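Visitor: A single structure is presented below for examination.
The values are calculated or read from the model by the stated rules, or taken from the named source; none is laboratory data. In this text the structure is predicted, and so the values were computed from the model without any measurement. Note: ideal-geometry Cβ built from the backbone for every residue, glycine included; neighbour counts use all protein chains shown. The accessibility values were calculated without ligands, DNA or RNA, using every heavy atom of the protein model including side chains. Shrake-Rupley method; radii C 1.70, N 1.55, O 1.52, S 1.80 Å.
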Amino acid sequence: MVESLAALVGRNPGFDTENLLVFFVNLPVTSYPKDPDAIRFDKEFTDRLQSLPGVEGVTSNSVVPLTGGGASIRFLIEGRPVATGHENECNIRDVAANYFPVMKIPLRAGRLFNDSADTEQAPKHVIVNEAWAEQYFHGEDPLGKRIKFTYSPTEPYREIVGVVGNTAEAGLDGPDEPSLFLPFTQDANSFIPYIVRTGGNPANAISAVRASLHAVDPQLALIQPFTMDQIIAQSPSVFLRRYPAFLIGGFAALALVLAMVGLYGLISYSVAHRTRELGIRIALGARHHDVMRLVFGEGARLTVMGVFAGLAAALGLTQLMRSLLFGVNAVEPVTFAAVAVVLVLVAIVACYIPARRAMRTDPAATLRYE
């Protein structure tokens, strides 16, 4: 469980999660009735945020990564007709032109969006991620190909101009999902999730960001400001594994300690109980290594039987935990081997200490031992 949680938290989500502040702004339709109004607000607000001390980048995405949800859309690939109702479907995201550089998402091929080539009046463009390119083009270069959304017959074809790396959308434990990205200037929204990258703790920038928003439009509110670390910690994929990991891991550690104490006590008592027998053997000429071999042989037999019985039971019971694990096999060789080695070492100590005590005792005294 601990290894699984570490693997989940340590997974690369496809972007740099350090020092990110996330918040939302909802533009009322009465003040921002059309897309150009939202675009104008976005530019003014972004420029103001960018001028704040400690701010390294400001961008937006209609769906913040690792939060789940978001929209999907049906589309057709030019030259690949399909029957109505059987169109392809994937995630769709509206992003700022600088979204990928600010999030440090790598460009795999083609180009990124820019404010000069992807204006509202410019030809429609789209960027896809690697999962999309692999699923729909199977290794073929998608650059220059065109797609069309099917929600309206008047929708124009959009040219694929770039391919970017995959990012975790629903959660750290989710698979890479095919996604399309549209420039915000060509598909603006009134509800805008912003992402601000800072040079230090992003939580310290909240008050300055709120003041900047009020300076642009006093009627707007800063909605749900969170750091990316908080989003990751509260995400279902991490939340639903962290506490079971602590709970089950705590009980497992306690069980291991109890097993060690019980094993040591049992073998130590067993050897101490044979003090008279060992004294007789020593009195009759048994050498020290003969006594040690006798004691260790008996202890090893009991230990090996117990370890193999425990491993067999654990191999069966851990199959019930598969749904809680990520990046770790339910039958993890290192974990099983480590626990077995710990118990064997405990057994060795449990055999050695009382055996040494028995060998140091005067044979005459051991013969009188009760």
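Visitor: As an exercise: evaluate GLY69 against (1) part of a loop (DSSP other than H, G, I, E, B); (2) open to solvent by less than 10 Å² (accessible area, probe 1.4 Å); (3) of a type outside the set (Ser, Thr, Tyr) and give the number of the one condition it does not meet.
Guide: Here GLY69 clears every test but (2).
Visitor: Shifting gears a bit: Are any residues in the range 119-157 within 34 Å of the chain's Cα centre (by Cα), assigned to a loop (DSSP other than H, G, I, E, B) and in contact (Cβ under 8 Å) with a residue 40 or more places away in the chain, and if so, which ones?
Guide: Matches in the range 119-157: LYS145 only.
Visitor: Specify the residue that is most open to solvent (accessible area, probe 1.4 Å); the eligible residues are those in the range 156-175 that are at pLDDT below 90 and under 18 Å from ILE73 (Cβ atoms).
Guide: Within the range 156-175, the subset at pLDDT below 90 is 168-175.
If we keep only those that are under 18 Å from ILE73 (Cβ atoms) too, we end up with 169-170.
Working: GLU169: 12, ALA170: 55 Å².
Restricting to residues being at pLDDT below 90 and under 18 Å from ILE73 (Cβ atoms), the top hit is ALA170.
Visitor: Within the range 185-192, is there a residue that is in contact with a Gly (Cβ under 9 Å, 6 or more places away or on another chain), closer than 29 Å to ALA117 by Cβ, surrounded by 14 or more Cβ atoms within 10 Å (Cβ to Cβ) and in contact (Cβ under 8 Å) with a residue 40 or more places away in the chain?
Guide: Start the filter on the range 185-192 by keeping residues that are in contact with a Gly (Cβ under 9 Å, 6 or more places away or on another chain), which leaves none.
No, the range 185-192 has no match at all.
Visitor: Search the range 115-149 for residues being of a type in the set (S, T, N, Q) and open to solvent by less than 50 Å² (accessible area, probe 1.4 Å), and hand back the single one that is nearest to LEU180 (Cα to Cα). Before you say what the answer is, go through the steps one by one.
Guide: Taking the range 115-149 first, the residues of a type in the set (S, T, N, Q) are 116, 119, 121, 129, 135.
Those left that are additionally open to solvent by less than 50 Å² (accessible area, probe 1.4 Å): 119, 129.
Numbers: THR119: 18, ASN129: 7 Å.
Checked the range 115-149; the qualifying residue nearest to LEU180 (Cα to Cα) is ASN129.
Visitor: Here's a follow-up. Which pairs have Cβ atoms under 8 Å, sit 6 or more apart or on different chains, and link a residue in the range 17-31 that is more than 17 Å from VAL63 (Cβ to Cβ) to one that is surrounded by 18 or more Cβ atoms within 10 Å (Cβ to Cβ) and basic (Lys, Arg)?
Guide: Sorted first by the residue in the range 17-31, then by its partner, the pairs are ASN19/ARG197.
Visitor: Name every residue in the range 197-210 that is aliphatic (A, V, I, L, M) and more than 20 Å from ARG40 (Cβ to Cβ), in order of residue number. Steps first, please.
Guide: Step one: of the range 197-210, the residues aliphatic (A, V, I, L, M) are 203, 205-206, 208-209.
Selection gives ALA203, ALA205, ILE206, ALA208.
Visitor: Pick out the one residue from SER51, SER4 that is more than 15 Å from ILE223 (Cβ to Cβ) and open to solvent by 10 Å² or more (accessible area, probe 1.4 Å).
Guide: Working: SER4 fails: open to solvent by 10 Å² or more (accessible area, probe 1.4 Å).
The match here is SER51.
Visitor: So which of PRO101, PRO106, PRO81 ends up being open to solvent by 70 Å² or more (accessible area, probe 1.4 Å), modelled with pLDDT of 95 or more and either of a type outside the set (Gly, Ala, Ser) or under 30 Å from the mean Cα position of the chain (by Cα) (or both)? Quick ask: steps written out before the conclusion?
Guide: Numbers: PRO106 fails: open to solvent by 70 Å² or more (accessible area, probe 1.4 Å); PRO81 fails: modelled with pLDDT of 95 or more.
Exactly one residue qualifies, and that residue is PRO101.
Visitor: Considering each residue of the range 279-294, count those that are without any contact (Cβ under 8 Å) to a residue 24 or more places away in the chain, in a helix (DSSP H, G or I) and open to solvent by less than 50 Å² (accessible area, probe 1.4 Å), and give that number. Working first, answer last.
Guide: Residues of the range 279-294 that are without any contact (Cβ under 8 Å) to a residue 24 or more places away in the chain, as a first pass: 281, 284-287, 289-290, 293-294.
Then drop every residue that is not in a helix (DSSP H, G or I), which leaves 281, 289-290, 293-294.
Adding the requirement that they be open to solvent by less than 50 Å² (accessible area, probe 1.4 Å) leaves 290.
So the answer is 1.
Visitor: Quick one: count up the residues across the range 299-330 that are surrounded by fewer than 12 Cβ atoms within 10 Å (Cβ to Cβ) and within 31 Å of the chain's Cα centre (by Cα). Show your work before the answer.
Guide: First, pick out the residues of the range 299-330 that are surrounded by fewer than 12 Cβ atoms within 10 Å (Cβ to Cβ): 301, 305, 308-309, 312-313, 316-317, 319-320, 322-323.
So of that shortlist, the ones also within 31 Å of the chain's Cα centre (by Cα) come out as 312-313, 316-317, 319-320, 322-323.
Count: 8.
Visitor: Further, regarding this structure: Among the residues of the range 183-207, count how many are in a strand (DSSP E or B) and aliphatic (A, V, I, L, M).
Guide: Quick first cut of the range 183-207, residues in a strand (DSSP E or B) only: 183, 191-198.
Retained after the next criterion (residues that are aliphatic (A, V, I, L, M)): 192, 195-196.
Residues flagged as in a strand (DSSP E or B) and aliphatic (A, V, I, L, M) within the range 183-207 amount to 3.
Visitor: For THR119, are the conditions met, namely being closer than 30 Å to SER237 by Cβ and of a type in the set (Ser, Thr, Tyr)?
Guide: So THR119 does not fit the description; no.
Visitor: Sticking with this structure for a sec: Identify the residue in the range 215-264 that is open to solvent by 60 Å² or more (accessible area, probe 1.4 Å), in a helix (DSSP H, G or I) and among the polar types (S, T, N, Q) and, among all such residues, is nearest to GLY200 (Cα to Cα).
Guide: Checking each candidate, the answer is GLN230.
Visitor: Among LEU180, LEU172, which is the only one that is assigned to a strand (DSSP E or B) and not hydroxyl-bearing (Ser, Thr, Tyr)? Walk me through it before giving the result.
Guide: Values: LEU172 fails: assigned to a strand (DSSP E or B).
So the residue among LEU180, LEU172 that is assigned to a strand (DSSP E or B) and not hydroxyl-bearing (Ser, Thr, Tyr) is LEU180.
Visitor: What pairs come out if I take residues in the range 295-320 that are at pLDDT below 80 and pair them with residues that are open to solvent by less than 70 Å² (accessible area, probe 1.4 Å) whose C-beta lies under 6 Å away, six or more apart or interchain?
Guide: Going by the 6 Å Cβ cut-off, the qualifying pairs are VAL295/VAL271; VAL295/CYS351; VAL295/ALA355; PHE296/CYS351; GLY299/ILE267; GLY299/ALA347; GLY299/CYS351; GLN319/ALA330.
Visitor: Next up: Working only within the range 19-31, note down all residues that are touching a helix residue (DSSP H, G or I) at 6+ places or on another chain (Cβ under 8 Å) and modelled with pLDDT of 95 or more. Talk me through it step by step, then tell me what you get.
Guide: From the range 19-31, those touching a helix residue (DSSP H, G or I) at 6+ places or on another chain (Cβ under 8 Å) are 19-23, 25, 27, 31; that's our starting set.
The answer is ASN19, LEU20, LEU21, VAL22, PHE23, VAL25, LEU27.
Visitor: When you check ILE267 against the structure, is it open to solvent by 60 Å² or more (accessible area, probe 1.4 Å), in contact (Cβ under 8 Å) with a residue 12 or more places away in the chain and not acidic (Asp, Glu), yes or no?
Guide: Values: open to solvent by 60 Å² or more (accessible area, probe 1.4 Å): no; in contact (Cβ under 8 Å) with a residue 12 or more places away in the chain: yes; not acidic (Asp, Glu): yes.
Against the criterion (open to solvent by 60 Å² or more (accessible area, probe 1.4 Å), in contact (Cβ under 8 Å) with a residue 12 or more places away in the chain and not acidic (Asp, Glu)), ILE267 does not qualify.
Visitor: Checking the condition more than 26 Å from ARG242 (Cα to Cα), hydroxyl-bearing (Ser, Thr, Tyr) and either within 47 Å of the chain's Cα centre (by Cα) or open to solvent by less than 70 Å² (accessible area, probe 1.4 Å) (or both), which residue from THR275, THR335 passes?
Guide: Working: THR335 fails: more than 26 Å from ARG242 (Cα to Cα).
It is THR275.
Visitor: While we're here: Regarding the range 15-37, can at least one residue be identified that is surrounded by 15 or more Cβ atoms within 10 Å (Cβ to Cβ) and of a type in the set (S, T, N, Q)?
Guide: yes
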